[in-house]
């Protein structure tokens, strides 16, 4: 039984890694291709966050605790990915000699609203 749990967990973890690997940027830092890929991935995170928050808001009363936990966990994963993308952005800009302020991709567009504390 314990072996089955480990096997199931390993499979789920492998699936999550595969799902999130699409956010790895493969183009050279600072190249036009890098910026295009970066913009696409940052946009996907912003849109996905908005969709998850909207779904949570619309269906909060009908979601199970497990579903709520999954949504919260998914948001946390996207927040970590946005930190990775910001690190790449900062590095690419520094290579070009530009010292730009840190931008929070994940929360930067919304400011500090209290709705996030519900999720």
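The values are calculated or read from the model by the stated rules, or taken from the named source; none is laboratory data. Everything numeric in this text was worked out from a predicted model, so none of it was measured. When we count neighbours, we look across all protein chains shown, and the Cβ atoms used for this are built from the backbone with ideal geometry, even at glycine.
When the residues of the stretch 27-43 are filtered to those that are out of contact with any helix residue (DSSP H, G or I) (no Cβ under 8 Å at 6 or more places or on another chain) and assigned to a helix (DSSP H, G or I), which remaining residue is surrounded by the most Cβ atoms within 10 Å (Cβ to Cβ)? Give the derivation first.
Let us first name the residues in the stretch 27-43 that are out of contact with any helix residue (DSSP H, G or I) (no Cβ under 8 Å at 6 or more places or on another chain), namely 31-33, 36-37, 39-40, 43.
Then drop every residue that is not assigned to a helix (DSSP H, G or I), which leaves 32-33, 36-37, 39-40, 43.
Numbers: 32: 9, 33: 12, 36: 11, 37: 17, 39: 12, 40: 11, 43: 11.
For the stretch 27-43, the residue satisfying everything is 37.
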Cβ-Cβ under 8 Å, sequence separation 6+ or interchain: first residue in the stretch 55-71 and within 27 Å of residue 13 (Cβ to Cβ), partner part of a loop (DSSP other than H, G, I, E, B). Which pairs?
56/63; 56/119; 68/60; 71/63; 71/119
The one condition in (1) at pLDDT below 95; (2) part of a loop (DSSP other than H, G, I, E, B); (3) in contact with a helix residue (DSSP H, G or I) (Cβ under 8 Å, 6 or more places away or on another chain) that residue 20 fails to fulfil
(2)
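Every residue, every condition in (1) at pLDDT below 90; (2) out of contact with any helix residue (DSSP H, G or I) (no Cβ under 9 Å at 6 or more places or on another chain), yes or no:
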| site | (1), (2) |
| --- | --- |
| 46 | no, no |
| 62 | no, yes |
| 79 | no, no |
| 104 | yes, no |
| 114 | yes, yes |
Residues satisfying the stated conditions in the stretch 58-71, i.e. within 24 Å of residue 24 (Cβ to Cβ) and surrounded by 14 or more Cβ atoms within 10 Å (Cβ to Cβ):
71
Select, from 50, 92, the only residue that is in a helix (DSSP H, G or I), modelled with pLDDT of 90 or more and under 22 Å from residue 24 (Cβ atoms).
92
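Take residue 97 and decide whether it is without any contact (Cβ under 8 Å) to a residue 60 or more places away in the chain and at positive phi. Please lay out each step first, then the result.
Working: without any contact (Cβ under 8 Å) to a residue 60 or more places away in the chain: yes; at positive phi: yes.
Yes; evaluated as a whole, the condition is true for this residue.
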